[in-house]
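One structure is given here, and the rest of the page talks about it.
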Amino acid sequence: MLNIKSLTSIIAQEAAPRTRSSSYPEPFASRMSGREKRPLGEVFGLTNFGVNHTRLAPGAISALRHAHSKQDEFVYILSGNAVLITDEGETALSPGMCAGFKAGSGNAHHLVNRTNRDVLYLEVGDRTAGDAASYPDDDLLAVLADDGKWRFRHKDGTPY
């Protein structure tokens, strides 16, 4: 176990991966197969924003296509080639490229790995209370609860 109080730096790829690949309910969680997140912000005890070192295996996606109401998001491609899919269409992202998603814009987005090589990227997002996420392609809505966990519902409001 890492000692947060004495920790000032690590090698990102050596951080422990999350034990669950997704907090989505089924049938959505299984669609996150091939995605591995290594939470970096948590290693240092950061609470205002999160940072993940994320790997997408060939054919994997970063998340369901979504838009946040209050959370800004940012991604930076470290290696490999991903396709960013937004409401405007598709954009090829290569190492050194980045993309940002302003809270409340309604522009749903996600990354897809259509290559035969892993994609590694950093993702950064804040942890604004009261955030919600919409998923235009799926029967899913999410609200960030006071305990910091996502609560998922169908678009008609019934819980999963």
Breaking point among (1) surrounded by 15 or more Cβ atoms within 10 Å (Cβ to Cβ); (2) on the phi > 0 side of the Ramachandran plot, for G59: (1)
Selection count where residues are touching a Cys at 6+ places or on another chain (Cβ under 8 Å) and among the aromatic types (F, W, Y), scope segment 59-104: 2
One residue from V112, V119 being touching a residue at least 24 places away in the same chain (Cβ under 8 Å) and farther than 23 Å from E42 by Cβ: V112
Any hit, segment 123-142, residues being of a type in the set (V, I, T) and farther than 30 Å from T8 by Cβ: no
Within segment 79-116, tally of residues that are closer than 23 Å to R127 by Cα, surrounded by fewer than 16 Cβ atoms within 10 Å (Cβ to Cβ) and touching a Leu at 6+ places or on another chain (Cβ under 6 Å): 0
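Suppose we filter segment 42-65 for residues that are part of a loop (DSSP other than H, G, I, E, B) and touching a residue at least 12 places away in the same chain (Cβ under 8 Å); how many remain?
11
Listed here are the residues, each with its yes/no results for (1) part of a strand (DSSP E or B); (2) closer than 24 Å to P25 by Cα.
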{"residue": "A67", "(1), (2)": "yes, yes"}
{"residue": "L84", "(1), (2)": "yes, yes"}
{"residue": "H110", "(1), (2)": "yes, yes"}
{"residue": "R114", "(1), (2)": "no, no"}
{"residue": "Y121", "(1), (2)": "yes, no"}
{"residue": "A129", "(1), (2)": "no, yes"}
{"residue": "A133", "(1), (2)": "yes, yes"}
{"residue": "D137", "(1), (2)": "no, yes"}
{"residue": "V143", "(1), (2)": "yes, yes"}
Single match in Y135, Y160 (criterion: surrounded by fewer than 16 Cβ atoms within 10 Å (Cβ to Cβ) and in contact with a His (Cβ under 8 Å, 6 or more places away or on another chain)): Y160
Flag if D146 is touching a Gly at 6+ places or on another chain (Cβ under 8 Å), of a type in the set (D, E) and surrounded by fewer than 14 Cβ atoms within 10 Å (Cβ to Cβ): no
Hits in segment 46-82 (condition: among the β-branched types (V, I, T) and over 17 Å from S33 (Cα atoms)): T47, V51, V75, I77
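Only the coordinates and a few stated rules stand behind these numbers; no lab work does. Being a predicted model, the structure only gives us computed values, none of them experimental. Reconstructed Cβ throughout: ideal geometry from the backbone, glycine too, with neighbour counts over all protein chains shown.
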